[in-house]
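Here the structure comes first, spelled out in structure tokens, and everything after it is commentary.
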Amino acid sequence: MSSPLLKVQGLHAGYGKAEVLRGINLQANAGSIITVIGPNGAGKSTLLNALMGVLPATGIIEYAGESVTRLPLEERVMLGVALVPERRELFGSMSVEDNLVLGAYRQVRLRNPRWRAQMEVVFELFPRLLERRTQLAGTLSGGERQMLALGRALMSGPKLLMLDEPSLGLAPLVVKEIFRTIDALRKTGVTTLLVEQNARAALETADYGYVLEMGEIMLQGPASELATDPRVIDTYLGTARKKEERHRVTMNTKSNVPFVEAVDTRFLESLLGYNARRTALVLIEPFLERMAVYDLRPVDFSVLSLITHNPGITSRQLCASLGVLPPNLVGMVKALEKRGLIMRQPHPNDGRAMGLHVTAGGKRMMRDAEQTAFALDSEVAARLTPNERTTLLKLLKKVYQ
């Protein structure tokens, strides 16, 4: 049996003092498609950035049988590792063709005289890019920009291609086209590491899958088996529950103590943390730097936010709101309780269940966290043009009305 192209052992990575990934072990065989699924904030993008060398990491990262743990990003690129980031990072003022030529930097450095032939391969995979070759990248549609980002990465002739949420923000038909292309890459011998929140499409395309929750690998196995695992179906494939806005709190008339009938997740989406909205995740690093004094992880802030705004919430409801498997929440809840940030009280409607409440100290910390998150959002808004700010305000009204 041949050795894997990529082998990761005991990987730890994060932002400053806040550790996001803990003890990650995974591997990818040459020519295979590996996927990592999980909720927003679980550490999927952090994993790719650590493997690429964008973020510092500890542990062992082996590529083609050699350790690359200490190699800088530029040297990993020269070895044949390519990353298509979530935001694509194209040069909008340059043409499609010029963006592709820039992607061939590695091949030019290696003095490969046939590097231009790779462009024909890209145009064959994405005929639309051939039609748009002289068009400015900034004028392309969302789907076309994703095709260009993929094409630019392929111009380097990578052995390992890492994709961060390639389906994000795309129309369903475009998503199908993107995944068909990813599947076609299997024939070229390229190894693909796919990070994706569209779990169904990812598992249908991949050979092997990993479920990443709270910075740790919780499940792994052949993609076809994960797709039929009841735990994965319930949490990620959406057949067991509808993902919808819920914010009703019912009163127990006998004890006059509120219990949570339907969880309010609106504050969770506005706070920087686990399962937060994607725009908030962009600010996770400065947020954690400002909140370092509390020595908490993104998921801790999200859990505390849910408990703060849903007094009496149960552990089962927390799992459903965060999209995680129940056993994974136990240790974290105990740790927060040990630190005096939350406490348990008997559930007024179910003697076997315990409702979770935030302590006075936890409430003070959450006020600080929410004010910090709001300040960061305000700082970002200050950089926007008047038209962009108006559009943002309209969107925020829709979210919070």
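Things worth noting here:
- From the Kirkwood radius over Cα pairs of region 1-86, Stokes-Einstein at 25 °C and 0.890 mPa s returns a whole-number translational diffusion coefficient of 184 µm²/s.
- FRET efficiency for residue 337 and residue 102, using Cβ-Cβ distance with R0 set to 56 Å, rounded to 0.05: 0.60
- Of all accessible heavy-atom area on region 1-74, the percent that carbon and sulfur account for (1.4 Å): 51 percent
- Global form of region 86-206, assessed from the alpha-carbon gyration tensor, a/c cut-off 1.5: oblate
- Extension gain from residue 94 to residue 79, taking 0.36 nm per residue of separation minus the Cα-Cα distance: 2.7 nm
- In range of the label at residue 204: residues from region 160-180 whose backbone nitrogen is under 20 Å from the point 7 Å along Cα→Cβ: 163-180
- Over 20 Å (Cα to Cα) - which of 44/334; 44/176; 17/363; 44/338; 159/187; 44/187 fall in this group: 44/334; 44/176; 17/363; 44/338; 44/187
- When its C-alpha radius of gyration is set against 2.2 N^0.38 Å (N residues), region 78-152 gives a value of 1.05.
- Projected label distance in nm at residue 114 and residue 87, using a 7 Å step from Cα toward the beta-carbon: 3.8 nm
- Whether region 131-202 is rounded, prolate or oblate, judged on the alpha carbon gyration tensor where a/c under 1.5 counts as rounded: oblate
The values are calculated or read from the model by the stated rules, or taken from the named source; none is laboratory data. In this text, all values refer to a predicted model and were calculated from it rather than measured experimentally. Reconstructed Cβ throughout: ideal geometry from the backbone, glycine too, with neighbour counts over all protein chains shown. Side chains included, ligands, DNA and RNA excluded: accessible areas come from the protein's heavy atoms. Shrake-Rupley method; radii C 1.70, N 1.55, O 1.52, S 1.80 Å.
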